[in-house]
Amino acid sequence: MIREAPARVSGGGTGAGRRGKADGRSATGVRSGRGVNDFALKIATVNGTGSASANGLIMKSIFRMGAPVSGKNVFPSNIQGLPTWYEIRINAQGHVARTPGFDVLVAMNGETYERDIAEVAEGGWLLYDSSWPLARELRREDVNHIGVPLAEMCVKRFEGSRIRILMKNIAYAGALAALLDIDLDVIRGLLEETFGARKRHLLEANNTAIDLGHNYVTERYDCPLPIRVARPAGDELSWEGRILMDGNTAAALGCIYAGATVASWYPITPSTSLVDAFGKFAGSMRKDPDSGRMRAAIIQAEDELAAAGMTVGAGWAGARAFTATSGPGISLMSEFVGLAYYAEVPSVFFDIQRVGPSTGMPTRTQQCDLLLCAYASHGDTRHICLYPGDPAECFDFAVRAFDVADRFQTPVFVVSDLDVGMNDWAVPPLQWDPAYGPDRGKIKSAEELDRMDRFFRYLDVDGDGIAWRTIPGEHPLGAHLTRGSGHTKYGTYTEDAEGYTEVVDRISEKIESSAPVLPEPVMESVPGAEMALVTVGGCEGAVREAMDRLGNSGLHFNYMRVRGFPFAESVREFLAEQKRVFVVEQNRDGQLRSLLTTETGVAGASLEPVLYYGGLPMSAVHVVDGVLARLGAGPAGSPAPARTGAVA
Amino acid sequence: MTSITKPRVVHPGLAKNELGLTTRSYEGAMSTLCAGCGHDSVTAALVEALWSLSIEPHRVGKMSGIGCSSKTPGYFLEQSHGFNSVHGRMPAVATGANAANRELTYIGVSGDGDSLSIGLGQMCHAIRRNLNLLYLIENNGVYGLTKGQFSASADIGTKSKRGVPNLQAPIDPVHLGLSIGATFVARGFSGDKTQLVPILTAGIRHKGLALVDIISPCVTFNDHQGSTKSYQHTRDHFRPATEAALLDPPDMVEEMATINVGPIPPGQFRDVSLHDGSVVRFRAMHEEYDPTDRGTAAALVRRLQDRGEIPTGLLFVDPDAGDHHDVMNTVEEPLWSLPFEDLCPGSEVLSDMMARFR
Ligand SMILES: Cc1ncc(C[n+]2csc(CCOP(=O)(O)OP(=O)(O)O)c2C)c(N)n1
Ligand code: SF4
Ligand SMILES: [Mg+2]
């Protein structure tokens, strides 16, 4: 399938046609190779210029061709004018974690030319807008230059400044299609779906712009480049049949499917799109066909304190209720989380993590709220957390969060992050088990209460640590005053040691007893391996790729990704079996490692942190470098630096 | 309004309401507040109001924040669910509960610290949403539960127990409510049940947020000479602007209202229909008054206050505004009770939808 087609160079470059390795990295370094279905592409544009649709078009076209692909949006906390990037990685083995270093760079932002150009791998390709000459000092001898007069062509071809700017983006998509051999029919099909008959003029403009870019490079360069996209054939890995979805959309669908009826929230990146999606789905799926009225209440609260209070109030009144926020919001919600924990009110909290502390970097990703969520609020608290690793899990875990919250009558956190929540991931299609029914937990119905002569809200009648609850308004016998102040098992106010302790001890047991029913850890044992890589959330791709590379150098690891907290017994057992454990996560202080140490009793010294927290999704190189640094520095427990926060 | 038979006579004590219940069925646990605390009188007025409306006790949701005042949901309606939540956040909890189950009658009890300091934002937003809630501020000018610090409702010059004057201007919930669009604004006094009970009954019937500021003296920390929230000071300066009564059902109206629209001359009355058909009869007390005109209400309250008086009564009502559910356009049934089949679109819809993501 590989066609040798070295590009003719538009001038200056000497790296024409260089293929394969030669990017200056070690065998376990940045990339394993470069070629058909094995390269990374970065597009540098200016925020607010409409480049997102062009980037989405390229990404989706590659995805439709069945090649394993991922797209990462690296965007600023800004509405218009600041630099923004879109990164696409294609990898025939399915390793699509973010990778630093790019084979093709589309430089559309003059302000970031210098740093963008520096990121092109040796022998790679730089596509730039040649309407203006590229400054000599920006030229790199070891890179192929592909100049396309995008602005010039679009000014000639289109009327109006807005459309010219928009079409300039679509034109680079056309150029990339030619260079990377992206199927034009697929692109045209996508445009037809987007604009259809309703927006004929836009469809025409887009098609014209695609042709402008496509024809220009086809006429002047050898197309396609040696790095390019091909439909997987034979036994090659194909991702055909998958869907492209972001985690927040998936989580929102999960909330719809779980039967959530009350959503309260306060806007914050990167969680906003979750509630937006819920609203959109509710608009079609929760409209009463007869009355046109909504079977869901979506309340934009005045702040996160209120959003949490509404969630807890609705949970108390019997609805499946949730809120979605990010770190700053969780900080504000903490008082209510403690109330829901102690008063035992089912409630679901989505934390789409972003870089902290404080406002931090709002549009960059991190896993920095692991400890915050696990122990949110003052007093002795400990919360059930679910950690989805991709959008498919966001859907599943959203549903499970409501079941678990109802069953254990407690707040449940779904701890996602910006990378999982906002980037499009290619995952198997979401599925729904028609036999599913919500687990509403232990609720005494009006009929049951009618046959009882006493009811006490916090009495452990079944010995499982979970007391029965009642829905307000259903029956006088079920009535009680819910409170966050000291209470006995009978629900009465107390300042008495015994009455207080009895209840908080039961709650502690109750939370612990949830461990076996939470999503079980993903585990993989490699024969002969004595060390392990342990991670959480969206790091899985990077860690698995790192395992492959380390394996090539004879270093073999067992693998575990935790998906629920409190940790299952199997987590402790797994850790205890390893000689050395590297805990890979995206925060500065090794929060998962702290949690594992505190919660499993496995000696902290045997758990070694491998950290990246610079705000971009984790890459295999962070894992490889971190692990090698630790191994090189000696036996477990030695204080080797394994933080790779400085690496892009 | 047409005139008819005699208005309901309320006999407290062992009389029975339409459900055959006495006020005993509307009481709660023994109060643990200080003897003589104004809040206990508000509780008693609430018991009477709920009893007189023949509301099924278990169909009420009692919501509160934190403070002596917020403890009172324990002392009425033993057969109702209640939620004594966190300081200043009753409005949010009530908003969520009401979203989940719009059928219950919600009574929110708060204090001046709870609502005018820590919870000021939430109170304003509950007003803005016109949440269907009777919102009581048991206003004593101090933080009772934390032992008597001035609250945001303390008047300039009022003295603490140790004689220290307050120097900061108060936040007046009545002015605030009127200015940000509250659809029902009243002020009462815990020491005047005759005035308070009809305000509470009308407030419960009002569709939307009924804001009732109740001067409710703290006998322990703010009932001394020099305090403007003491029993004595309140009695001396108390000035009813209107007298209101809920006529329910409306055919109990004795005689035609003299005024149907616009201002009421002193001593005369006007009937205003609430959304459920019951009627609030207003009588203007000392001067002309239009209880449906926000501007007039605000001006009168200001004028009386400038004279050092405490204007009281049901001061303003807008019976036609939509509540939070109208804005959200939610179904009639309580959301919590919708059958799962009506909520979950099912596997076919999901697999069809996947095409959109291919
Ligand atoms: C977050 C928080 N801060 C402070 C407190 C302490 N606190 C309890 S009650 C109260 C003031 C209550 O005053 P008010 O609402 O006027 O009620 P009152 O006791 O006067 O009826 C304060 C500050 C608390 N419970 N929670
Ligand atoms: S301290 Fe004041 S407000 Fe609190 S119970 Fe005593 S009298 Fe009432
Ligand atoms: Mg007070």
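Brief remarks follow.
- In the condition set (1) touching a Gly at 6+ places or on another chain (Cβ under 6 Å); (2) open to solvent by 40 Å² or more (accessible area, probe 1.4 Å), B:THR220 is compliant with all but (1).
- Only listed residue being more than 20 Å from the chain's Cα centre (by Cα), under 24 Å from B:ALA45 (Cβ atoms) and either of a type in the set (D, E, K, R) or away from ligand 1 (no atom under 16 Å from the Cβ) (or both), chosen from B:ASP223, B:ASP213, B:ASP172, B:ASP192: B:ASP223
- Residue in region B:28-40 that is within 15 Å of ligand 2 (Cβ to nearest atom), within 13 Å of chain A (Cβ to nearest Cβ), among the small types (Gly, Ala, Ser) and open to solvent by less than 10 Å² (accessible area, probe 1.4 Å) present: no
- Residue within region B:98-112 that is within 21 Å of B:ARG205 (Cα to Cα), within 16 Å of ligand 2 (Cβ to nearest atom) and of a type in the set (Phe, Trp, Tyr) present: no
- Count of residues meeting criterion [under 14 Å from B:LEU211 (Cβ atoms) and not in a loop (DSSP other than H, G, I, E, B)] in region B:311-338: 6
- Residue within region B:62-79 that is modelled with pLDDT of 95 or more, within 14 Å of another protein chain (Cβ to nearest Cβ), open to solvent by 20 Å² or more (accessible area, probe 1.4 Å) and away from ligand 2 (no atom under 13 Å from the Cβ) present: yes
- Only one of B:GLY308, B:GLY295, B:GLY267, B:GLY277 that is in a loop (DSSP other than H, G, I, E, B) and at pLDDT 90 or above: B:GLY308
- Subset of region A:176-188 that is touching a residue at least 60 places away in the same chain (Cβ under 8 Å) and assigned to a helix (DSSP H, G or I) - its residue that is most open to solvent (accessible area, probe 1.4 Å): A:VAL186
- Residues located in region B:153-199, provided they are small (Gly, Ala, Ser), away from ligand 2 (no atom under 15 Å from the Cβ), closer than 30 Å to B:GLY322 by Cα and in a loop (DSSP other than H, G, I, E, B): B:GLY181, B:ALA182
- Qualifying residue in region B:131-144 (condition: in a loop (DSSP other than H, G, I, E, B), in contact (Cβ under 8 Å) with a residue 12 or more places away in the chain, open to solvent by 30 Å² or more (accessible area, probe 1.4 Å) and of a type in the set (A, V, I, L, M)): no
- Set A:GLY279, A:GLY318, A:GLY327: member being more than 7 Å from chain B (Cβ to nearest Cβ), within 20 Å of A:GLY254 (Cα to Cα) and small (Gly, Ala, Ser): A:GLY279
- Residue pairs meeting the criteria (Cβ under 6 Å; at least 6 apart or on separate chains; first within 16 Å of A:GLY309 (Cα to Cα), in region B:109-121; second open to solvent by 10 Å² or more (accessible area, probe 1.4 Å) and more than 8 Å from ligand 1 (Cβ to nearest atom)): B:GLY121/A:GLU302
- Given (1) in contact with a strand residue (DSSP E or B) (Cβ under 8 Å, 6 or more places away or on another chain); (2) under 30 Å from A:ALA297 (Cα atoms); (3) away from chain A (no Cβ under 14 Å); (4) surrounded by fewer than 20 Cβ atoms within 10 Å (Cβ to Cβ), index of the condition B:LEU274 fails: (4)
- Filter pass, B:PHE83 being within 16 Å of ligand 2 (Cβ to nearest atom), within 12 Å of chain A (Cβ to nearest Cβ) and not polar (S, T, N, Q): no
- Residue within region B:107-119 that is hydrophobic (A, V, I, L, M, F, W, C), open to solvent by 30 Å² or more (accessible area, probe 1.4 Å), within 16 Å of ligand 3 (Cβ to nearest atom) and in the same structural domain as B:LYS62 (by TED's automatic domain parsing) present: yes
- Restricting A:LEU203, A:LEU191, A:LEU225 to residues that are outside any loop (DSSP other than H, G, I, E, B), crowded, with 20+ Cβ neighbours inside 10 Å and touching a helix residue (DSSP H, G or I) at 6+ places or on another chain (Cβ under 9 Å) narrows the list to A:LEU191.
- Residue check for A:LEU386: aliphatic (A, V, I, L, M), more than 14 Å from chain B (Cβ to nearest Cβ), within 14 Å of the chain's Cα centre (by Cα) and open to solvent by less than 10 Å² (accessible area, probe 1.4 Å): yes
- Only one of B:LEU338, B:LEU314, B:LEU300 that is open to solvent by less than 60 Å² (accessible area, probe 1.4 Å) and within 14 Å of chain A (Cβ to nearest Cβ): B:LEU338
- Residue check for A:TYR221: assigned by TED's automatic domain parsing to the domain that holds A:PHE75 and among the aromatic types (Phe, Trp, Tyr): yes
- All positions within region A:473-501 that are among the hydroxyl-bearing types (Ser, Thr, Tyr) and either under 41 Å from the mean Cα position of the chain (by Cα) or surrounded by 21 or more Cβ atoms within 10 Å (Cβ to Cβ) (or both): A:THR482, A:SER485, A:TYR500, A:THR501
- Filter result (assigned to a loop (DSSP other than H, G, I, E, B) and out of contact with any helix residue (DSSP H, G or I) (no Cβ under 7 Å at 6 or more places or on another chain)) within region A:473-493: A:HIS480, A:SER485, A:TYR490, A:GLY491, A:THR492
- B:GLY346 falls short on exactly one of the conditions (1) at positive phi; (2) more than 14 Å from chain A (Cβ to nearest Cβ), and that condition is (2).
- Picking from residues in region B:65-89 that are of a type in the set (S, T, N, Q) and in contact (Cβ under 8 Å) with a residue 24 or more places away in the chain, the one that is farthest from ligand 3 (Cβ to nearest atom) is B:GLN79.
- Residue check for B:PRO319: more than 30 Å from A:GLY315 (Cβ to Cβ), away from chain A (no Cβ under 14 Å), touching a residue at least 24 places away in the same chain (Cβ under 8 Å) and not β-branched (Val, Ile, Thr): yes
- Any hit, region A:290-308, residues being farther than 26 Å from B:ARG128 by Cα, within 7 Å of chain B (Cβ to nearest Cβ) and either open to solvent by 10 Å² or more (accessible area, probe 1.4 Å) or of a type in the set (D, E, K, R) (or both): no
- Flag for B:GLU18 being more than 19 Å from the chain's Cα centre (by Cα), in a loop (DSSP other than H, G, I, E, B) and at the interface with chain A (Cβ under 8 Å from one of its Cβ atoms): no
- Some residue of region A:621-640 being at pLDDT 95 or above, touching a helix residue (DSSP H, G or I) at 6+ places or on another chain (Cβ under 6 Å) and open to solvent by less than 50 Å² (accessible area, probe 1.4 Å): yes
The values are calculated or read from the model by the stated rules, or taken from the named source; none is laboratory data. Predicted model, so just to flag it, every value in this text is computed and none were measured. Using ideal geometry, Cβ is built from the backbone for each residue, glycine included, and neighbour counts are taken over all protein chains shown. The protein model used for the area step is the full one, side chains on, heavy atoms only, and it has no ligands, DNA or RNA in it. Shrake-Rupley method; radii C 1.70, N 1.55, O 1.52, S 1.80 Å.
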